[in-house]
Each structure stands twice: as C-alpha cells, then as structure tokens.
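*Asks:* Take this structure, written in structure tokens, and hold onto it; I'll ask about it next.
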C-alpha cells in the first residue's frame with residue numbers, strides 16, 4: 001500500500017514535471033521564433049564590420065592574422081597574413097592570401113598572393129544559404145540575411161535553453177546560428193550531413209554593456225573527413241585585435257586595390273599576368289619555359305652552348321698555329 | 001700576316017657573337033622586382049570544392065613588385081595550401097578560407113627559387 005501510494009505520487013510528479021516541460025517548451029518555441037526576428041532587427045542597424053584577428057598560441061615566431069571587412073550587402077574583403085618564421089618586420093604589409101567579393105565578381109589570390117584571378121560569383125551565392133564562408137568569421141552585418149534564409153528553410157529547428165541560449169539550425173541550408181538572450185552571437189556554423197563542419201564561436205567580455213556586442217575572442221573549428229577529401233581536424237583560437245562597426249547607411253563597400261595588395265592579375269585561360277595598370281608582365285608558360293632553358297633541362301641550348309664553346313677553343317688553337325707558322 | 005691576324009680575331013669572335021645573339025633576352029634588361037609564384041600546381045578535390053588542396057609543382061620568382069633578389073634554384077619539399085568552403089566544381093575550385101597553418105606538403109622535393117629583399 002505504501003509502495004503503491006509512493007508509486008502513484010511519483011507518477012503524478014512525473015506527469016506534472018512533463019506538463020511543465022511541455023508548456024515551457026511551447027512557450028519557448030514561440031518565443032524563439034519571435035527572438036529570431038528580434039535578432040534580425042537588432043543587427044539591421046549594423047552596416048559593416050571591420051574585424052582583425054590574431055591567432056593565439058602559435059609556434060614561436062609564427063604570425064597569423066585574419067582581417068575581414070564585411071558589409072550588410074554581403075560584400076567583403078578577407079585577407080590572411082601569414083609569416084611562418086617572422087623573418088620580415090613588415091609581414092603585415094602584403095597579405096599571403098585574400099578574397100574580395102563585390103557582389104558579382106570574386107578576386108581570389110593565389111598564395112603567396114603575388115597574383116590573383118577573377119571569377120564570376122557562383123550562381124546562387126547571394127540568393128540563398130549558406131552564403132560565402134568568409135561571413136562565418138564576421139556575421140554581424142549579414143545576420144538579417146542569414147535569419148531571412150533560416151526562416152524560409154522548411155526544416156528550420158529552433159531551440160532555447162533555460163539559460164536563454166537560442167539555436168536555429170537547418171540541415172538543408174547547412175546553417176546553424178546560436179545566440180543568447182542579450183543578443184550576442186555565440187556561434188555560426190556551416191554543417192553538412194557528410195560530417196563537414198566549419199564553425200566559429202565568439203567569446204565576449206563579462207559585464208559588457210554595449211548596445212551591440214563586441215567579441216573579444218574567437219574559436220574556429222574545421223572538421224572534414226570524406227573519403228576523397230583532405231581530412232581536416234583543425235581548432236584555433238584568435239584574439240580580436242580590432243572590431244569596428246559602421247552604422248547602416250554609413251558603410252562603404254570594401255575596395256579592391258591591387259597596388260596596395262601588391263598583386264597582379266592572372267588570366268587562367270591565357271596564363272598571362274597583368275600589372276595593376278593593365279600592362280602585360282609575362283606569360284606563365286613562356287616564363288616557365290625560359291626558366292627551364294636557363295636551368296638547362298631538356299633543351300637544345302646547353303648543347304649549342306657546348307658546341308659554340310668548342311668552336312671558340314678550336315678557333316683560338318687554329319689561329320695560334322697560323323700565327324706561329326707565319327712567324 | 002696582317003690578314004692572318006684579322007682572320008684569327010674574326011674566327012675567335014664569331015662564336016662569341018653567335019652566343020650573344022642566341023642567348024640574348026628579348027625586351028632588354030630583366031625586371032628589377034620579383035614575386036614568388038607557385039607554378040604547375042596540382043589540385044586534390046572532390047566534386048563540391050568544400051575542401052580542396054593545391055600543391056605547387058615548382059616555385060619560381062616571376063616579374064612582380066615585392067622582392068629585388070631571386071636566388072638560384074634548389075630542390076625541397078614545400079607546403080601545399082588547403083582551402084575550405086571553396087566555390088566552383090573540381091578541379092576548377094577557387095576561393096574559400098585558407099586553412100592555416102599548412103597541413104599538407106608536396107609529395108617530394110620540387111624546384112624552388114626564393115625571392116627576397118624589398119622593392120621600392
């Protein structure tokens with residue numbers, strides 16, 4: 001009897017707990033959809049963000065920085081500075097790699113970034129998720145666009161924890177967005193069903209009272225292990241060394257300046273390389289052939305050089321003999 | 001005697017003149033500045049370009065604007081470049097985020113020229 005009463009009580013308690021959880025869940029789901037739109041409205045006032053990141057805990061003398069300029073329209077300039085041995089004092093003068101996107105054309109450096117090529121933006125890059133991967137580092141200006149795409153996703157799944165941590169995910173869109181009830185973007189990720197993950201999590205200072213959250217640190221996670229791809233298992237922490245916001249309406253698109261970037265345009269069809277003023281510098285195939293010739297690999301020039309040298313020696317000998325006979 | 005000397009000098013100078021003509025560089029003096037350029041690249045990728053790796057076949061100093069010294073060619077194993085989130089279709093992958101530090105190297109030594117110094 002005692003056991004039965006205890007069991008009945010436990011059952012009632014469990015039911016009550018489940019009811020509370022269900023009502024909590026329903027209330028929170030409704031609140032989540034509202035908060036997703038509220039998040040979008042909050043970041044609609046961000047016109048552009050300039051972000052500078054420095055990788056933490058690198059090997060001695062190793063220097064790695066990522067610089068990103070992203071606008072609300074989705075245009076961006078992403079530059080990576082990479083100094084493997086810190087031999088140069090001005091290693092931040094020329095980026096090792098960069099990608100510039102003006103909404104139509106991508107300008108992509110070939111590391112080391114002495115040359116770049118132009119490519120039309122892939123169809124649909126700006127029309128739907130997940131968007132350019134560079135946004136993942138600097139999502140604040142494009143939060144309204146990401147929210148718009150997530151809201152249209154048929155498999156959008158929004159959850160919220162008791163601590164006020166929100167998460168909106170769509171497998172079809174390959175997008176995941178986490179934020180908290182103070183509006184801080186906690187994590188942006190591109191996730192594929194194949195197991196591929198590219199995620200960036202943001203750290204903030206405690207007690208921050210900014211109208212728009214300013215991150216102080218960033219964690220980058222890359223996972224990729226498909227059979228035919230390169231296996232990637234990379235985790236890196238960065239310090240935010242600069243974070244500047246331009247209000248919506250006051251932003252300007254990141255300019256592409258090949259002179260400042262010290263880079264020349266490579267045409268992949270003709271293999272010609274052009275200086276920023278449009279003049280042709282060289283043809284890659286011809287230049288390689290010239291180097292091969294100079295290195296004496298499989299060309300006729302070394303043999304010709306030998307023959308000419310031999311002829312010169314024989315001429316000297318013959319002349320000497322003639323002179324001797326004449327004397 | 002005089003003709004013999006003239007002929008001897010001519011015979012000696014002729015091969016040198018031929019050499020100068022054969023090995024003359026079109027366009028005059030070589031450029032003052034050089035840029036490190038990776039050439040004969042090979043790419044490892046799948047159809048989506050989600051992750052791909054580009055390995056140089058050789059690294060030479062090409063006309064550019066950064067360095068004023070180009071070293072002789074040596075042979076060594078060099079880093080490849082892995083990208084994630086690229087666009088296009090394999091093997092014409094492009095863009096994406098560069099995975100740094102480099103995680104893959106060339107399978108064997110490749111011809112390498114280093115460029116250093118600084119151009120004005």
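*Asks:* Give the peptides A:151-161, A:211-221 in descending order of average Cβ contacts within 10 Å, highest first.
*Replies:* The peptides rank, most packed first, as A:211-221, A:151-161.
*Asks:* In addition: Taking a ≥ b ≥ c as the square roots of the eigenvalues of the Cα gyration tensor of the range A:92-148, is the shape rounded (a/c under 1.5), prolate (a/b larger than b/c) or oblate?
*Replies:* oblate
*Asks:* With the contact rule set at Cα under 8 Å and sequence spacing of 6 or more, what percent relative contact order holds for the range A:41-262? Don't skip to the end; give the middle numbers.
*Replies:* Details: 483 pairs, mean separation 48.6, N = 222.
With pairs under 8 Å counted, the relative contact order is 22 percent.
*Asks:* Ok, one more. What's log10 of I(q)/I(0) for the range A:82-204 at q = 0.13, 0.14, 0.20 Å⁻¹, Debye sum over Cα points only, no solvent?
*Replies:* -0.66, -0.74, -1.14
*Asks:* Alpha carbon centre of the range B:89-120 versus the range A:40-56: separation in Å?
*Replies:* 29 Å
*Asks:* Could you work out the mean count of beta carbons from other protein chains within 10 Å of each residue's beta carbon in B:60-69?
*Replies:* Whole-number average of other-chain Cβ neighbours for B:60-69 is 5.
*Asks:* Partner chain Cβ atoms within 10 Å, averaged over the residues of A:283-292 - can you pull that number for me?
*Replies:* 3
*Asks:* Neighbour counts of other C-beta atoms within 10 Å: give me A:190, A:223 arranged from fewest to most.
*Replies:* The order, fewest Cβ neighbours first, is A:223, A:190.
*Asks:* Average partner chain C-beta neighbours within 10 Å, per residue of A:74-84?
*Replies:* If you average over the peptide's residues, the count of other-chain Cβ atoms is 1.
*Asks:* Using a ≥ b ≥ c from the Cα gyration tensor of the range A:227-266 (square roots of the eigenvalues), is it rounded, prolate or oblate, where a/c under 1.5 gives rounded and otherwise the larger of a/b and b/c decides, a/b for prolate?
*Replies:* Because a/c hits 1.5 or more and a/b fails to exceed b/c, the range A:227-266 counts as oblate.
*Asks:* Once Rh for the range A:41-262 is found with the Kirkwood sum over Cα pairs, what is the Stokes-Einstein diffusion coefficient at 10 °C and 1.306 mPa s, in µm²/s? Show your work: numbers first, answer last.
*Replies:* Numbers: Rh = 18.4 Å.
Diffusion coefficient, whole number: 86 µm²/s.
*Asks:* From the Cα gyration tensor of the range B:31-116, with a ≥ b ≥ c the square roots of its eigenvalues, which class applies: rounded if a/c is under 1.5, or else prolate if a/b is larger than b/c, or else oblate?
*Replies:* Numbers: a/c = 2.52, a/b = 1.82, b/c = 1.38.
Prolate, since a/c reaches 1.5 and a/b exceeds b/c.
No value in this document is a laboratory result; all are computed from the given coordinates. Quantities reported herein were computed from a predicted structural model and do not represent experimental measurements. Using ideal geometry, Cβ is built from the backbone for each residue, glycine included, and neighbour counts are taken over all protein chains shown.
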